[in-house]
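A.B. asks: Once you've had a glance at the structure underneath, I'll fire off some questions.
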Amino acid sequence: MKIITWNCNGAFRKKFISLLDYGADIYIIQECENPDESNHADYQTWANNHLWTGDNKNKGLGIFAKPEIKLERLNWSNNFKNHSVKHFLPCKINNDFDLLGVWTHRNNSPNFGYIGQLWKYLQINKGKINNTLIAGDFNSNAIWDEWDRWWNHTDVVNELKECGIESIYHKLNNEKHGEETIPTLFFQRKIERPYHIDYIFGSEELIKMTKKIEVGIADDWLKLSDHMPIFYQLGKN
């Protein structure tokens with residue numbers, strides 16, 4: 001099974017064709033339009049098997065799959081102490097494993113923006129995360145940890161590890177968080193401002209099934225987005 005996660009930087013109706021040569025089975029796309037409210041016929045046709053969440057029709061989080069793949073939205077809560085965290089999209093893939101799409105958001109929070117949103121989501125749903133693939137734009141890296149904050153990137157990584165979930169890029173490349181050699185973001189599309197903020201995390205079982213994980217090359221993708229897609233492939237050994 002081939003999977004792509006990508007923050008497309010908007011206008012996905014015009015950009016989805018750039019991914020088709022890879023022949024992915026599942027796409028986790030951040031900042032994409034809601035196909036159900038799009039006037040773009042080709043986009044709607046391509047996205048006939050999808051799940052989507054967002055604040056408005058023009059920019060949200062979508063999971064798209066080939067027609068033969070069963071996508072079942074899971075009823076995981078996004079309510080933390082009477083307010084919603086965002087954006088998270090949990091689903092079951094072919095009854096084989098759970099997939100959690102992620103696009104962390106500032107969410108008007110002065111303290112718990114971005115990685116703090118994921119930290120809160122984990123407090124609500126940690127018991128449900130086991131044989132799970134977590135993929136998307138976390139907007140976070142260990143280099144931005146703050147010493148007096150308990151929802152840092154590193155804290156989230158450690159909590160996921162307690163659930164048996166680890167970053168597949170870091171596991172297979174033997175790199176530490178905050179010391180990545182391959183960026184997934186070039187801020188404001190500037191080569192001199194590279195960061196690693198997009199991730200695919202998986203259970204030990206899924207990691208063992210991994211065939212390949214690669215990050216897109218800037219020369220190929222900067223014309224479309226400041227984020228590079230992550231190409232992931234898994235299969236039974």
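A.B. asks: Cα-based Rg of the range 172-225 per 2.2 N^0.38 Å, rounded to two decimals? Please report the intermediate quantities before stating the final value.
C.D. replies: Details: Rg = 13.0 Å, N = 54, 2.2 N^0.38 = 10.0 Å.
That works out to 1.29 for the range 172-225.
A.B. asks: Right, next: In the range 58-192, if the dipole is taken from +1 on Lys/Arg beta carbons and -1 on Asp/Glu beta carbons about the Cα centre, which of ILE191, GLN123, LEU89 is farthest to the positive end?
C.D. replies: Highest projection toward the positive end goes to LEU89.
A.B. asks: Accessible area per residue for the range 103-215 in Å², computed with a 1.4 Å probe and the full protein assembly in place, what is it? Don't skip to the answer; put the middle values down first.
C.D. replies: Working: 5630 Å² over 113 residues.
In whole numbers, the range 103-215 has 50 Å² accessible per residue.
A.B. asks: For the chain, set up a GNM with springs between Cα atoms under 10 Å and report which of TRP144, TRP221, TRP46 has the largest fluctuation.
C.D. replies: Highest fluctuation among the options: TRP144.
A.B. asks: Sticking with this structure for a sec: May I ask for the distance between the Cα centers of the range 128-177 and the range 36-95, given as a whole number of Å?
C.D. replies: So the two Cα centres are separated by 23 Å.
A.B. asks: Please list the equivalent ellipsoid semi-axes of the chain, computed as the square roots of five times the alpha-carbon gyration tensor eigenvalues, in descending order and whole angstrom.
C.D. replies: Values: eigenvalues 115, 82, 78 Å².
Value: 24, 20, 20 Å, ordered largest first.
A.B. asks: I need the Debye-formula profile for the range 75-149: one equal scatterer per C-alpha, no solvent, reported as log10 I(q)/I(0) at q = 0.11, 0.19, 0.28 1/Å, two decimals.
C.D. replies: Here the Debye-derived log intensity ratios amount to -0.28, -0.80, -1.41.
A.B. asks: So which trypsin sites (Lys or Arg not before Pro) in the range 1-80 end up in coil per DSSP with only 13 or fewer other C-beta atoms within 10 Å?
C.D. replies: Details: sites: LYS2, ARG13, LYS14, LYS15, LYS57, LYS59, LYS70, ARG73; in loops: LYS57, LYS70.
Passing sites in the range 1-80 are LYS57, LYS70.
A.B. asks: I've got another one for you. Can you give me the % of accessible surface on the range 61-206 that is carbon or sulfur? Probe 1.4 Å, all protein chains present, nothing else counted.
C.D. replies: Values: 3220 of 7040 Å².
Reported share for carbon and sulfur atoms: 46 percent.
A.B. asks: Where does the range 1-50 land on Rg/Rh, using Cα atoms and the Kirkwood Rh?
C.D. replies: Values: Rg = 10.2 Å, Rh = 11.1 Å.
A ratio of 0.92.
A.B. asks: Any chance you could list P(r) for the range 120-206, counting all Cα-Cα pairs in 10 angstrom bins from zero, rounded to whole %?
C.D. replies: Over the range 120-206, the share of Cα pairs per 10 Å bin runs 16, 48, 30, 6, 0 percent.
A.B. asks: Relative to the compact-globule scaling 2.2 N^0.38 Å, provide the ratio for the alpha-carbon radius of gyration of the range 57-113. Before the final figure, lay out each step's value.
C.D. replies: Details: Rg = 13.5 Å, N = 57, 2.2 N^0.38 = 10.2 Å.
Rounded to two decimals, the normalised Rg is 1.32.
A.B. asks: Same structure, new question: Using all Cα-Cα distances in the range 26-150, what percent lands in each 5 angstrom bin from 0 up to the longest?
C.D. replies: Bins of 5 Å from zero give 2, 10, 20, 22, 19, 14, 8, 4, 1, 0 percent of pairs.
A.B. asks: Of GLU68, GLU31, GLU179, which has the largest mean-square fluctuation in a 10 Å C-alpha GNM of the chain?
C.D. replies: GLU68
The values are calculated or read from the model by the stated rules, or taken from the named source; none is laboratory data. All of these numbers come straight from a predicted model, not from anything done at the bench. Here Cβ is always computed from backbone atoms with ideal geometry, including for glycine, and neighbour counts include all displayed protein chains. Calculation scope for accessible area: heavy atoms of the full protein, side chains included, ligands and nucleic acids excluded. Shrake-Rupley method; radii C 1.70, N 1.55, O 1.52, S 1.80 Å.
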